[in-house]
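Take a look at the structure below.
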Amino acid sequence: MEKKRENWGSKTGFILAAAGSAIGLGNIWRFPYVVGENGGAAFIILYLLCIAIIGLPVLLGEVLIGRTAQRNPVGSFRALTKLKFWPYVGGMGIAAGFIILSYYAVVAGWSFGYIFEAIAGSFFEFNTPDAAANHFNSLTGNVYWIVGMLAVFMSLTMLIVYFGVQKGIERGSKIMMPALFILLIIVMIRGITMEGGSEGLSFLFEPDWSKITPLTFLEALGQGFFTLSLGMGAMMTYGSYMSVKDSVPSSSLQIVFLDTLIALIAGVAIFTAVFSTGMNPSEGPGLIFHTLPVVFTKMTSGFLFSIIFFILLSIAALTSTISLMEVITAYYVDERKWKRHKVVVVFGSLTFLFGIPSALSFNLLSNFTIFGFTIFDLLIYITANIMLPLGGLLIAIFIGYVWGLDKVVVELKKGAEKLFERSHWRVNVWKVLIKYFAPVLIFIVLLHSTGILRKILNIFN
Ligand code: PFF
């Protein structure tokens, strides 16, 4: 007899794990610097719009596919359609998961390493972002440090996934997510209470519409995909461990709410601190590793807050890396009948090896470029700008045109009977969004990602 497939112990367990996947470096590292580069509040408004009209509908769709099929992404499509093409879409998601994990764990490793930098008090040796940047460059320039941190972070990820869905991922998320909330709120309160911090709040919440261009809209949508872990089957895989007794719409809404809340809190925490210490908000990807350490040196009790901050960043990253690892694991367990332990050891090690070229992009291979990208940048570009939006587009098309919206609604109703009793209009709105809005808008992003849109826009300029 086949062993029973694993599942979540509770609805809360699922929500915390899925929110853990969504909340990660994308919220705390990427969101603030993208906001900073794109002029603040106006970008945030566009981003919220994208999350509401595309992110939430696609997330709901992904979770629903997983829950209905109770399978990994490849098996899910295979269970829901006879068409041979669709399981390949699941396969692309698993490949994307493998690639993302390989570079994501590199950045997560920096964050983990910075906990020890903070404890050692290294930040207090410099008082300009340039000095902090030099320190950052000397760490990432050290092959042993960067590959070592990658190894440590992959080991942590493997350890949790090794213990399975309930005992590993769910238990880990139930401890780590509340800790993350508390630590982030502490850091935010510190930021708000700093003198001059309110300038950071104006930057975040008073829109300057002149900063908005068509490309800003596309940037906002791309960020929405990455931050909600969409387009590659992570949410499908987590949804596949969900019970039909639990509501997909309400869980999805809670996940999106938590993810957005954390991004905004991270934004408040970081920009109040950055403005009150007179730092530059549009520093780019270095914002956290160059600017923040200096901010900590200028803040009362900065030593303590710097440690707390990098611990919380590492926790956020870890709950995301385990979801990436789980996508690969679910596939090999379901489809190839491997033991979970074997998948974790084999693919964890392979991901580590595959991550080494990304780690070396900051030192030995820094001059090695393909189409002008380092290996690290190229992998980010291929996954975040091409594979995820393409996956999201195909998932929306699958739901809107292949699976059959009538069947979809039958599945959606399970566990959400109350919602259906109360009002039907919300379901109709979702249908329109997933069938028409999402595919068209995502298609536009893809054109942009591949550079075509940029060329078209240039013709009109
Ligand atoms: N959502 C994660 C973040 O914002 O950091 C990144 C991510 C995790 C993307 C898992 C995709 C994924 F499957």
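The values are calculated or read from the model by the stated rules, or taken from the named source; none is laboratory data. All figures in this text were calculated on a predicted structure; none of them were measured in a lab. Cβ: placed from backbone, ideal geometry, glycine included. Neighbour counts: every protein chain shown. Just the protein is used for accessible areas: all its heavy atoms, side chains included, with ligands, DNA and RNA removed. Shrake-Rupley method; radii C 1.70, N 1.55, O 1.52, S 1.80 Å.
The dipole here belongs to the chain: it is taken about the Cα centre, uses +1 on the Cβ of Lys and Arg and -1 on the Cβ of Asp and Glu, and is about 1980 debye. At 7 Å along Cα-to-Cβ for each site, give me the label-to-label distance between Phe368 and Ile175 in nm. Each label point lies 7 Å from its Cα, and together they span 3.8 nm.
Checking every one of the chymotrypsin sites (Phe, Trp or Tyr not before Pro) in the stretch 335-416 against DSSP loop status and a limit of 16 other Cβ atoms within 10 Å picks out Trp338, Phe368, Phe371. Note on the stretch 311-461: dipole from Cβ charges, positive end direction compared against Tyr401, Asn385, Ser449; the farthest Cα belongs to Tyr401.
At q = 0.14, 0.15, 0.31 Å⁻¹, what base-10 log of I(q)/I(0) does the Debye formula yield for the stretch 85-142 when every alpha carbon is treated as an equal point scatterer in vacuo? Scattering profile of the stretch 85-142, log10 relative to I(0): -0.54, -0.58, -1.19.
Within straight-line reach of Lys4, meaning a Cα separation under 13 Å, sit the following aspartates and glutamates at least 8 residues removed in sequence or on another chain: Asp334. Taking all protein chains into account, the per residue accessible area for the chain stands at 40 Å² (1.4 Å probe).
Pairwise alpha-carbon distances in the stretch 131-177 exceed 16 Å for 55% of all pairs. Annotation for the stretch 1-103: GluC sites (Glu not before Pro) lying in DSSP loop with at most 12 further Cβ atoms inside 10 Å of their Cβ are Glu2. Placing unit charges on each Cβ (+1 for Lys and Arg, -1 for Asp and Glu) gives the chain a dipole about its Cα centre, and among Gly239, Ala22, Pro178 the Cα reaching farthest toward its positive end belongs to Gly239.
Taken over the Cα atoms of the stretch 105-261, the convex hull encloses 196 Å³ per residue.
The translational diffusion coefficient of the chain, from Stokes-Einstein at 20 °C and 1.002 mPa s with a Kirkwood hydrodynamic radius over alpha carbon pairs, comes to 96 µm²/s. Counting protein heavy atoms only, the chain has 66 percent of its accessible area on carbon and sulfur, 1.4 angstrom probe.
Among Ser250, Ile308, Ile270, which residue has its Cα furthest toward the positive end of the charge dipole of the chain, with +1 on Lys/Arg Cβ and -1 on Asp/Glu Cβ? Towards the positive end, the residue furthest out is Ser250. Taking label points 7 Å from Cα along the Cα-to-Cβ direction, Lys342 and Asn127 give a separation of 6.1 nm. Taking amide H as placed 1.01 Å from N in the peptide plane, Ser361 has its amide H under 5 Å from the amide H of Phe376, each at least 5 places away in sequence or on another chain. Here is the link list: Lys174/Lys414; Lys413/Lys435; Lys414/Lys435; Lys342/Lys414; Lys245/Lys431. Which ones come out longer than 27 Å on Cα distance? Checking Cα-Cα distances, Lys342/Lys414 exceed 27 Å. How tilted is helix 171-192 with respect to the longest principal axis of the chain? Cα atoms for both, answer in degrees (0 to 90, nearest 10). Around 40 degrees separate the two axes.
For the stretch 248-321, the spherically averaged projection of the C-alpha convex hull amounts to 5.8 nm². The simple Förster model, with R0 at 51 Å and r as the Cβ-Cβ distance, assigns Glu417 and Ala120 a FRET efficiency of 0.35. Calculation over all alpha carbon pairs of the stretch 9-67 in 10 angstrom steps from 0 returns a P(r) of 19, 42, 29, 10, 0 percent. Pairs of Cα atoms nearer than 8 Å and 6+ residues apart set the relative contact order; for the chain it is 33 percent.
Loop-resident trypsin sites (Lys or Arg not before Pro) (DSSP state other than H, G, I, E or B) in the stretch 21-111 with no more than 10 further Cβ atoms inside 10 Å of their Cβ: Lys82, Lys84.
Cα convex hull, the stretch 56-111: 93 Å³ per residue, rounded to a whole number. At the listed q of 0.10, 0.16, 0.18 Å⁻¹, the Debye profile of the stretch 345-453, built from one uniform point per Cα, gives log10 I(q)/I(0) equal to -0.52, -0.84, -0.92.
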